[in-house]
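J.: Encoded as structure tokens, here's the structure I'll be asking about.
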Number of protein chains: 2
Amino acid sequence: MKPKIEDVAKVAGVSPTTVSRVLNNRGYIGESTRIKVHKAMEQLNYYPNEVARSLFIKKTFLIGLIFPTTSNPFYGQLIFHLENIAATLGYKVLLCNSQGREDKEKNYLNMLQRNQVDGIIAGAHNKGIEEYEMPNLPVVGVDRYLSSKIPVVSSDNYHGGKLATQLLVNKGCKNIIHINGPISLETPANLRRKAYEDIMRANQLTPLTYEIDDHFTIIKQLFEENPRVDGIFASDDLIASQVIREAKERNIDIPTDLKVIGYDGTETTRLLLPGLSTVQQPIKEIAEKAIELLVKQMDDKDDAIQLETIIPGKLIEGETTGG
Amino acid sequence: MKPKIEDVAKVAGVSPTTVSRVLNNRGYIGESTRIKVHKAMEQLNYYPNEVARSLFIKKTFLIGLIFPTTSNPFYGQLIFHLENIAATLGYKVLLCNSQGREDKEKNYLNMLQRNQVDGIIAGAHNKGIEEYEMPNLPVVGVDRYLSSKIPVVSSDNYHGGKLATQLLVNKGCKNIIHINGPISLETPANLRRKAYEDIMRANQLTPLTYEIDDHFTIIKQLFEENPRVDGIFASDDLIASQVIREAKERNIDIPTDLKVIGYDGTETTRLLLPGLSTVQQPIKEIAEKAIELLVKQMDDKDDAIQLETIIPGKLIEGETTGG
DNA sequence: AAAAACATGTCAACCGGTTGACATATGAAA
DNA sequence: TTTCATATGTCAACCGGTTGACATGTTTTT
């Protein structure tokens, strides 16, 4: 059996209370006893049972993360940072891959509450999950509006969309098409589209948006339907990459005949497609802010918190827009 | 305050024991009471406290995952599958990004034990962490030898290395160079190199291996030192991508003058670099096997378990080796 | 010499659920 | 009619650590 405080006490020749005092640095403890206790813990290979501790102090130092999938480089990188920052603050992270499925998301939400997490950071959201409105449980959304009361952190999507579209316009593109993720989501990322449309109109150009499907077949369709397209602003780098692929197959030269810009600029895409123009999201900063907002909610419950935090991204010009 | 069993009991007009019985489906419960109890739980928004439950049943249904970083597409995808499969079995996942740092890894190991995880799956390992030898705590390694007693799951790295090297040989390459990850790690992935060397020698060719550094500067050096290189087998796709980039900069045509093959074949690399030849790892199968082995250890403690599981990968021929 | 600070111990309640023992009551089967 | 399966209640111990109250020393300070 795993040793408990009582066993440590016996070996150290002190009382359980004293061991607990050493563990928590409370009250008076003599240096020699402290050493005795630590020796006993080492000898027994004792690890304090955090489950018992959590039960009593009513705090688990657990944060639930709900995102579509770590497989996606953007979420993978975001989650990496979230976990990292959480760890420096003494928090642990329960990972949930919702895969964009509402049923999974609800189950995870339920599970996290049963496991008494201290807070939740979510970037997965299927419209109309009112379950996020949980009294007494701090929640922060990342790039997703979860409810009117839940703070959201996101990059400056409007500005990013503007940067991307404007770049294509500046490069002389006339038939610029935007490819969106599923627009059913209530996400600030929709502002990228809004910006695209605004910039287009401001330049007397006609906006045209395609919504991506699971298997990127929409891209073929786009080329069929718009043979004169000369600029594509994809709402993420993976889509941009598929555009490039399709263009290659059609012998459309990038950037001469077609200019492409993506969105996200994750480490992975930077490594794998260094030539891709993109709008890089401030992933680390988003993570920092999200944790900060969550911890703030946990600490001073009813303090007013910023409902929307927007962090600027960065335009990266690559070969796909003509260098 | 959060409602507890007692509160539910009061609202439902039954005893706490009855509520617990409903919750756990134990003993005799009448249909009408079951309904009453469920209604009360719903009304109160009651979530059973898993922390209290875990304490008593001495099982948390938590699995610790220690990997370098979710930011890397391989680990991101692996972790996605691990979490997914774990979830279907009722297990939750505590995520740890060790970043290849020994100190972090040790801290995580410590943390996971304090949090009473039921098992650990680790793919991060700095040589000489004997801490993995934990009595009574099931551990499974993924692509890393953790200790002589801990089961490892990996793809068939020797076979993969052979496939990759043989392909380059078959395509007529004479000066084939291998680029490795840090070889200090005790990983089955080293077998890729072994296979490379064996195949080279079997074809009367001289093997030459470079070890990658953090910033890929070694790749420039490789080209400087070996102007006649005509084939490169990179031990992962990210490295392969850097090779391609460097080749482009030097106006070396791929695949005419240089053929390149990577390793991993993650979803992300398949999307971003569809043309890259690679050896695709059976990531999902690795995850499945790892969980299976872990759960087996948890269930029948002292049952003998397979110490090494090797799952075959798949060669994907792309344009970078000449189609 | 008295007061204050230091050091440790004993004891019990508590966190929220689980479980076994035991009691009681009802309706159905033998 | 007796027995048994069903249905629910009461009670208390337990999981492992925390904490406050209180007691009893020993040192330091004043």
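J.: Find out how many positive minus negative residues lie around A:T278, taking Lys and Arg as positive, Asp and Glu as negative, among other residues whose Cβ is under 14 Å from that of A:T278. Each step should come with its number before you reach the end.
T.: Working: positive: A:R192, A:K259, A:R270, A:K314; negative: A:D236, A:D237, A:D264, A:E267, A:E317, A:E319.
Once positives and negatives cancel, what remains is -2.
J.: Shortest first and in nm to one decimal, what separations exist between B:T88 and its copies in the other chains, measuring from label points 7 Å along the Cα-to-beta-carbon line?
T.: Those separations, rounded to one decimal, come out as 3.8 nm.
J.: Explain nothing, just the number: relative contact order of chain B, from Cα pairs under 8 Å at least 6 residues apart, as a whole percent.
T.: Worked out over chain B, it gives 17 percent.
J.: Under the Kirkwood approximation for Rh and a Cα-based Rg, what ratio Rg/Rh is obtained for the range A:5-48?
T.: Numbers: Rg = 8.9 Å, Rh = 9.9 Å.
My calculation puts Rg/Rh at 0.90.
J.: OK, next. So for the range B:178-247, what percent of the C-alpha to C-alpha distances run longer than 16 Å? All intermediate terms of the calculation are to be shown ahead of the outcome.
T.: Values: 1131 of 2415 pairs.
Across the range B:178-247, Cα pairs with separations above 16 Å total 47 percent.
J.: Here's a follow-up. Out of the range B:40-96, which GluC sites (Glu not before Pro) are coil in DSSP terms and have no more than 11 other C-beta atoms within 10 Å? Please list the in-between numbers first.
T.: Values: sites: B:E42, B:E50, B:E83; in loops: none.
Answer in residue order: no site qualifies.
J.: How far is helix A:73-88 tilted, in degrees, relative to the longest principal axis of the Cα atoms in chain A, given as a value from 0 to 90 rounded to the nearest 10?
T.: 30
J.: Highest GNM mean-square fluctuation, chain B, Cα pairs closer than 10 Å: which of B:N115, B:N49, B:N157?
T.: Most flexible of the set in this elastic network: B:N49.
J.: How much mean residue ellipticity at 222 nm does chain A get from its helices, if each DSSP H run of length 4 or more adds -39500 (n - 2.57) and you divide by all residues, to the nearest 500 deg cm²/dmol?
T.: Values: 12 runs with 140 residues, N = 323.
So the calculated ellipticity at 222 nm is -13500 deg cm²/dmol.
J.: Another one. Out of all DSSP beta bridges with both ends in chain B, state the antiparallel percent to the nearest 5.
T.: Numbers: 3 of 34 bridges.
Here the share of antiparallel DSSP bridges comes out near 10 percent.
J.: Step through the residues of the range B:11-28 one at a time and calculate ³J(HN,Hα) from phi using the Karplus curve (6.51 cos²θ - 1.76 cosθ + 1.60, θ = phi - 60°), rounding each to whole Hz and writing x for Gly and Pro.
T.: For the range B:11-28, the Karplus curve yields 4, 7, x, 10, 8, x, 4, 4, 4, 4, 5, 4, 4, 9, 6, 10, x, 8 Hz.
J.: For a quick check, take a GNM of chain B with Cα springs below 10 Å and name the residue from B:L78, B:L168, B:L208 with the largest mean-square fluctuation.
T.: B:L208
J.: Treat each spin label as a single point 7 Å out from the Cα along the C-beta direction, and report the A:N110 to A:K220 distance in nm.
T.: So the label points at A:N110 and A:K220 sit 4.0 nm apart.
J.: If you don't mind, another one. Dipole of the range A:5-48, Cα-centred, from +1 at each Lys and Arg C-beta and -1 at each Asp and Glu C-beta, to the nearest 20 debye?
T.: Roughly 120 debye, rounded to the nearest 20.
J.: Would you look at the GNM of chain B, springs on alpha carbons closer than 10 Å, and say which of B:T88, B:T206, B:T309 moves the most?
T.: B:T88
J.: Each label point is 7 Å from the Cα along the Cα-to-Cβ direction; what then is the distance between the points at B:K284 and A:T256, in nm?
T.: 4.1
J.: Still on this structure: Between the range A:265-323 and the range B:1-37, what's the alpha-carbon centroid distance in Å?
T.: If we compute the Cα centre of each part, the gap is 46 Å.
J.: Now, a different point. Distances from B:D257 to the same position in the other copies: list them in nm, one decimal, shortest first, using label points 7 Å from Cα along Cα→Cβ.
T.: The projected label point of B:D257 is separated from its counterparts by 2.6 nm.
J.: Right, next: Structure shown: which of B:K149/B:K194; A:K59/A:K289; A:K59/A:K92; A:K174/A:K259; B:K289/B:K314; B:K10/B:K39 lie over 20 Å apart, alpha-carbon to alpha-carbon?
T.: Details: B:K149/B:K194 24 Å; A:K59/A:K289 22 Å; A:K59/A:K92 12 Å; A:K174/A:K259 11 Å; B:K289/B:K314 17 Å; B:K10/B:K39 12 Å.
The answer is B:K149/B:K194; A:K59/A:K289.
J.: Moving to a separate point now. Between A:Q43 and A:M1, 0.36 nm times their residue separation minus their Cα-Cα distance comes to what?
T.: In short, 13.7 nm is gained.
J.: Going 7 Å from Cα along the Cα-Cβ axis for the label, what nanometre distances separate B:K194 from the same residue across the other copies?
T.: 5.9
J.: Between A:T206 and A:E308, what FRET efficiency follows from the Cβ-Cβ distance if R0 is 22 Å, with the result rounded to 0.05?
T.: On the way: r = 31 Å, r/R0 = 1.40.
About 0.10, to the nearest 0.05.
J.: Using only Cα atoms, figure out Rg for chain A and give it as a multiple of 2.2 N^0.38 Å. Write out the running numbers ahead of the final one.
T.: Numbers: Rg = 25.4 Å, N = 323, 2.2 N^0.38 = 19.8 Å.
So chain A has a normalised radius of gyration of 1.28.
J.: Which cross-chain or sequence-distant (5 or more) residues have an amide H under 5 Å from the amide H of A:I232, H modelled 1.01 Å from N in plane?
T.: A:I177, A:K259, A:V260, A:I261
J.: Now a separate question. Starting from the Cα gyration tensor of the protein assembly as shown, multiply each eigenvalue by 5, take the square root, and state the resulting semi-axes largest first in whole Å.
T.: On the way: eigenvalues 419, 237, 91 Å².
The answer is 46, 34, 21 Å, longest axis first.
The numbers here are math on the coordinates, done by the rules we state, and not lab data. Remember, predicted model here, so these are calculated numbers, not experimental data. Backbone-built Cβ (ideal geometry, glycine too); neighbour counts: all protein chains shown.
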